[in-house]
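Worksheet for the structure shown next.
The values are calculated or read from the model by the stated rules, or taken from the named source; none is laboratory data. These figures come from a predicted structure and were not determined experimentally. Reconstructed Cβ throughout: ideal geometry from the backbone, glycine too, with neighbour counts over all protein chains shown.
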Amino acid sequence: MIKKFIFSCFIVSLSFITLTGVSLSAQDTLNTNGDDLSLGDGLISNGVNLSADRDLNMNIVDYSPYSLESRDNYGAGIRKCRAALIAPSWILTARHCIGSKKVNNIEKHGWVRLHYYDESGVKQIVRYNSKAVFRHPGKDIGLMQLTEAVKEDLIEPVLLLSTPILKKHGYFNMKKVSANIFKDIPVRAGRRSNAFVSKPDRGGKAGSSGAPWVFESETVGDVLFAVTHGSGRAPQVAYVKNWINDTVEANDSSVQLNWVTLETVFPDRFNQE
């Protein structure tokens, strides 16, 4: 009887993995200094190896091709949520912010709203339609591909952080780019590969899901390191960097995302040897 029960549980578990299309590898749960990396890049999805230690084809830069000034125009608005422009035709947001409408078997998500300031300093709102959407299989991270590229002379994308902040690093100051800009928020590494902000320091309200958490670096400008989930938590993009990079490359080979390391963002805090 017990053997039958165990066998049944095994079959149910196997069926779930098959139906979801997610094959879990031995690297699914890693632990480094108390940091839980479960269901990050340590899995295989649709035949793509998302190993956490694989940085193949990633464009790691030690300088910024974008403005070094503190800015917010890469911040985007989508339906009931926020997002960020990470490449001329790619938007990063929270997975739960992406709708499920399908057109010709391809998932859509309406439009994306961005802004820039014209030569007179007047704020201009522009809209772009989405071409397709993509959801990470384990984290609250999603991507939207636009039907046309945003002109970089109007709006520059934001850099992405390739290495995670860990509990041993302590606190950093960051800004949250939402409908309003919240600066100098103390942030630290939390559980399950999230970044975390204590309740008294949280900024925002309903509708800020998907908003980018950003470090302002004197060396490379603004760098996106996490995406708002809610309740002071945000999954760090460093743990899903290979999924982000692979998804963009597979659907738009002309685009190259720009990533920087934590040592480049904070050279005075992390000695480079």
Can we say V126 is closer than 25 Å to S70 by Cβ, modelled with pLDDT under 95 and not small (G, A, S)? yes
Working only within the stretch 149-195, note down all residues that are surrounded by fewer than 15 Cβ atoms within 10 Å (Cβ to Cβ) and of a type in the set (S, T, Y). Y171
Inside the stretch 197-239, can you point out the residues that are modelled with pLDDT of 95 or more and either among the basic types (K, R) or over 24 Å from R71 (Cβ atoms) (or both)? Y239
The stretch 251-273, residues that are farther than 19 Å from A189 by Cα and free of Cβ contacts under 8 Å to residues at least 40 places away in the same chain: S253, S254, D268, N271, Q272, E273
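Per-residue answers, yes or no, for (1) more than 22 Å from T264 (Cβ to Cβ); (2) part of a loop (DSSP other than H, G, I, E, B); (3) of a type in the set (V, I, T):
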| residue | (1), (2), (3) |
| --- | --- |
| A149 | yes, yes, no |
| L154 | yes, yes, no |
| L160 | no, no, no |
| N173 | no, no, no |
| K176 | no, no, no |
| R191 | yes, yes, no |
| G210 | yes, yes, no |
| V214 | no, no, yes |
Any chance the stretch 126-137 includes a residue that's touching a residue at least 40 places away in the same chain (Cβ under 8 Å), touching a helix residue (DSSP H, G or I) at 6+ places or on another chain (Cβ under 9 Å) and in a loop (DSSP other than H, G, I, E, B)? yes
Residue pairs, Cβ under 7 Å, 6 or more apart or interchain, first in the stretch 224-241 and assigned to a loop (DSSP other than H, G, I, E, B), second surrounded by fewer than 23 Cβ atoms within 10 Å (Cβ to Cβ) and not polar (S, T, N, Q). List them. H229/D140; G232/F196; G232/K199; G232/R202
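Mind checking which residues of the stretch 236-265 are in contact with a Ser or Thr (Cβ under 6 Å, 6 or more places away or on another chain) and not hydroxyl-bearing (S, T, Y)? Write out each step before concluding.
Restricting attention to the stretch 236-265, the residues satisfying the condition of being in contact with a Ser or Thr (Cβ under 6 Å, 6 or more places away or on another chain) are 236, 238-239, 241, 259, 261-262, 265.
Residues satisfying the conditions are Q236, A238, K241, W259, L262, V265.
Rundown of residues vs (1) surrounded by 15 or more Cβ atoms within 10 Å (Cβ to Cβ); (2) touching a strand residue (DSSP E or B) at 6+ places or on another chain (Cβ under 6 Å); (3) of a type outside the set (F, W, Y), yes/no style:
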residue: F225; (1), (2), (3): yes, yes, no
residue: A234; (1), (2), (3): yes, yes, yes
residue: T261; (1), (2), (3): yes, no, yes
residue: F266; (1), (2), (3): yes, no, no
